[in-house]
Amino acid sequence: MKFTLSWLKDHLETEASLEELERTLSSIGLEVESIVDPSVELGPFTVARIVEAKQHPNADRLKLCQVEVAPGAPTVEVVCGAPNAKAGLVGVFAPLGSYIPGTGITLEERPVRGVVSNGMMLSERELNLSEDHDGIIELQSSLADQVGKPYIAVAGLDDPVIEVGITPNRPDCTGVRGIARDLAAAGLGTLKPAPDVPDFESGDACPINIELRFDDPTNKPCPVFSGRHVAGVKNGPAPAWMQRRLIAIGLRPISALVDITNYVSMDRGRPLHVYDADKIKGVIHARLGKAGETFEGLDGRDHTVGAEMCVIADDSGVLGFGGILGGESTGCTEETTNVLIESAYFDPVGTAETGRKAQLNTDARYRFERGVDPQFVVPGLDLATDWVTKLCGGTPSKSCVAGAPPDGTEEIAFDFALTEKLTGHDVSEARQREILAALGFQSGKRGTDGRATVTAPSWRPDIDGAADLVEEIIRIVGLDEVASVPLPSASDTTRSILTDLQARVRRTRRVLAGRGLVEAITYSFIPHDQAEAFGGGGDALEVANPISSDMSSMRPSLLPQLLIAGQRNRNRGFTDVALFECGQAFKDDTPEGQNTLLSGVRLGNAGFAQRGRHWDGASEPVDLFDVKQDVLAALEAIGIDPATVQVTRDAPGWYHPGRSAVIQRGPKLRLATFGEVHPATLAALDVEGPAVAFEIDLSAIPAPKQKGSAKPRLEMNDLNPVRRDFAFVVPRSTLAADLMRAAKGADKKAVTDVGVFDVFEGPSLGEDRKSIGIEVTLQPSGSTFTDEDIEGISRKIVAAVQKATGAELRS
């Protein structure tokens, strides 16, 4: 919604500055989107008169002009190329140093074909007034006595344009008077009384009948349609002040009759339409359209009418869309002498639907679909009639009204204490009543229940209850007056908002991303053969109505689609791919059969520290130890010590049987699987090796034990550790992990770490025998180990390993 400052002051008695207006408008909910003050851009330019114009000595198309820029001051010489530059012309002068908005240049003192120009005579395009640049601005000769005065003041252009954003619930502010009413309620001035309008009901009856023709009495998209005939009008241009205001807000002046309707629409939020009465055939009426009807609109386009659209028609056919667009066939021209002024009320929902279907956005639709004042139909007609008779003459008839306007008012039982209850701000009852009255609300006395009846005005269809009244009061008081109060806390400490499973997912995703894997998201549905290959494919997990054969089964594992996604990337040139996904997998159709898995794949050379092809040597292909480290890192991130888990060889069948493993706690709690993918599985999925994968069952991990809030004591030791190597000969089937676990448990206080440094097999050891070399780290505490201490611990380690695995100390 745009308006000028002088337009606002037609309704508001105020001395407020532009800054105060901007601040107040935004604070009461009418956010200021822009303020354009022409004085900032056009202020330096003044009215000037060319005293003499002669040919430039060095250019055929240039003239040397002696310009009077101030009364009694010496003339200045200006080089001008305009064809209309001549002696006696009154125009607009730009002095040196001024910025020309239309060209974006700043005038400097420089010669033009050998002659220095001391300023510039301006065209309309150089002032951004229009696109006209065929010559310089030529003002009326009678303005010669205004030489030296600011051009914007002489031309009446010193009127700032304010644009505010109107929310859909404020139709009352689609007119300047509604905005003035809000500002007056906010204390920024006094609302002027509405101008008196003569009584036109003493004239003759309207010669054109007006009717409502709706078959369904419950469906009237136009409840009231009023009009008045004015005979003997003389159409022509609107007054200059009205044209300037319309131009300032972006409307093109057309003629006095059309400009009046546009002006009243912007001034009061009351859309109107004016017909050439001599072009109307028979009875003008509102009705629903008929399929196949068409009309030519005032926008120059042909429009097709639908059966649910409200139209205005006469006996010849459709004249326009009701509340949106008039038709060309009854439009007013300079030859128009008799007019019919239309003022009607159109249903907001029906208007919006018609506008969307017709793909039309007009100022009338903008207002009707928000809900104009239904009680201002006939007063709006009288106001338009007054403007028409004043500017175009003519003899008005009585009004002709079909239907009746909706009441539009709303009575609300209101307790003034509700304002403080809902906002926390104490506003006295007297102040609340004052604000409501300024906004047009009527409030009665308190009843026995302590509540007063407040009646909302007809121009406020957005008011529906007591909370809306509180909103009106507090926005005028100012939301900045409401104290900021923190919400009460339910407890002294903030509780975790994530479940254990959600926390695990967050931590493990971050760890895997840090290890170079890229997160992927794949479908939960996979082909039946893939589901069978990965342990699923049961009837309970078959999709009843799959969208395709490739999405027929709920996935028992995330690995099939991850491997296929990795191969798709390799097919597109990304040879080393590392992907992971966290999602749901399904064992059966029960809630317990739905698990959250964290799965990942590495293909090609996409190891943790690998870099693909390089001049100093190629990277090694991925192997099971790459994904083992991924799994251990993820488990450690969620609080599982890698030293406390067991590694077994019974991985599922889609892994390579000799290059895969299972990580578990105890004999039953399986946490993860990892290893190389079986070549047969890769072939079935059409994936190129090498490929390694892992899968962690986040749902199987038990909840962490509740720990006290006290942190454990920090243990620090300034004594150097001691490392000892042991080599044991064991049966080939013995797991190194069993040997390491036994060594570490020999003396839990002294043994802090055990690692394998050598594995050897050979004839010298005997058939089905191997040697495993381990390094044991011993950490003294309190005092340094003596030789006797180390020997004692070593004997414990040897004994523990022999007992657990049947090993022999290698000599």
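The values are calculated or read from the model by the stated rules, or taken from the named source; none is laboratory data. Source: prediction; values computed, not measured. Cβ coordinates were reconstructed from backbone atoms using ideal geometry, including for glycine residues, and neighbour counts include every protein chain displayed. Quick note on the areas: whole protein, heavy atoms, side chains included, nothing else; ligands and nucleic acids left out. Shrake-Rupley method; radii C 1.70, N 1.55, O 1.52, S 1.80 Å.
Summary table below
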| quantity | calculated |
| --- | --- |
| Unit charges at the beta carbon, dipole of the stretch 640-732: most positive-side option, ALA727, ASN717, VAL645 | ASN717 |
| Isolated Cys residues of the chain, judged by Cβ distance under 4.7 Å to other cysteines | CYS65, CYS80, CYS173, CYS222, CYS310, CYS332, CYS392, CYS582 |
| Per DSSP, loop trypsin sites (Lys or Arg not before Pro) in the stretch 1-55 with at most 16 further Cβ within 10 Å | none |
| Shape category assigned to the stretch 544-678 from the gyration tensor of Cα positions, a/c cut at 1.5 | oblate |
| Computed [θ] at 222 nm, helices only, for the chain once each DSSP H run of length n ≥ 4 contributes -39500 (n - 2.57) | -7500 deg cm²/dmol |
| Dipole in debye (nearest 20) - the stretch 298-423, about Cα centre, beta carbon charges: Lys, Arg +1; Asp, Glu -1 | 180 debye |
| Gap separating the Cα centres of the stretch 429-486 and the stretch 214-248, nearest whole Å | 34 Å |
| Hits among lysines - C-alpha to C-alpha of LYS54 under 18 Å, sequence gap 8 or more where chains match | LYS63, LYS86 |
| Phi to ³J(HN,Hα) by Karplus 6.51 cos²θ - 1.76 cosθ + 1.60 over the stretch 288-295, Hz, x for Gly, Pro | 7, x, 10, 4, x, 6, 9, 7 |
| Under 20 Å from LYS290, Cα to Cα: aspartates and glutamates that are on another chain or at least 8 residues apart | GLU211, ASP215, ASP216, ASP302, GLU308, ASP314, ASP315, GLU328, ASP347, GLU353 |
| Theoretical gain in end-to-end length, SER142 to VAL283 [0.36 nm per residue, Cα-Cα removed] | 45.7 nm |
| Magnitude of the charge dipole, the stretch 417-486, Cβ model with Lys/Arg +1 and Asp/Glu -1, debye to 20 | 300 debye |
| Positive-end residue, the chain charge dipole about Cα centroid, Cβ charges, pick of VAL801, VAL264, ALA352 | VAL801 |
| Lysines whose Cα lies under 18 Å from that of LYS668, excluding same-chain neighbours fewer than 8 positions away | LYS587 |
| Residue pairs, from the table LYS628/LYS748; LYS744/LYS803; LYS748/LYS796; LYS9/LYS192; LYS234/LYS279; LYS220/LYS281, whose Cα atoms sit over 20 Å apart | LYS628/LYS748; LYS220/LYS281 |
| Counting DSSP beta bridges with both ends in the chain, the antiparallel % (nearest 5) | 95 percent |
| Around GLN646: net Lys/Arg minus Asp/Glu count, Cβ-Cβ under 14 Å | +4 |
| The stretch 556-689, accessible surface, carbon-and-sulfur percent (1.4 angstrom probe) | 50 percent |
| Average silhouette area of the chain, convex hull of alpha-carbon atoms, in square nanometres | 62.7 nm² |
| Derived scalar couplings ³J(HN,Hα) [the stretch 386-396; Karplus, 6.51 cos²θ - 1.76 cosθ + 1.60; whole Hz; x for Gly, Pro] | 4, 5, 5, 5, 6, 9, 10, x, x, 10, x |
| Acute angle (nearest 10 degrees) that the helix 18-27 long axis makes with the longest principal axis of the chain, alpha-carbon atoms | 50 degrees |
| FRET efficiency for GLU328 and ASP37, using Cβ-Cβ distance with R0 set to 51 Å, rounded to 0.05 | 0.85 |
| Under-5 Å amide H pairs with CYS206, H placed in peptide plane, nonlocal only | LYS398 |
| Rg in Å to one decimal, and Dmax rounded to a whole Å, for the stretch 245-329 via C-alpha atoms | 13.8, 40 |
| HN-Hα J in Hz across the stretch 429-444 - Karplus 6.51, -1.76, 1.60, θ = phi - 60°, x for Gly and Pro | 4, 4, 5, 5, 5, 5, 5, 4, 5, 5, 8, x, 7, 10, 10, x |
| About the Cα centre, charge dipole magnitude for the chain (Lys/Arg +1, Asp/Glu -1 at Cβ), debye | 2520 debye |
| Cα-projected label distance for ASP315 with ALA799, points at 7 Å along beta-carbon direction, nm | 12.5 nm |
| For LEU12, distant residues with modelled amide H under 5 Å away | LYS192 |
| Options LEU469, ALA205, PRO83, ranked by Cα towards positive dipole end of the chain, top entry (Cβ charges) | LEU469 |
| In the stretch 305-360, GluC sites (Glu not before Pro) in a DSSP loop with at most 16 other beta-carbon atoms within 10 Å | GLU308, GLU334, GLU335 |
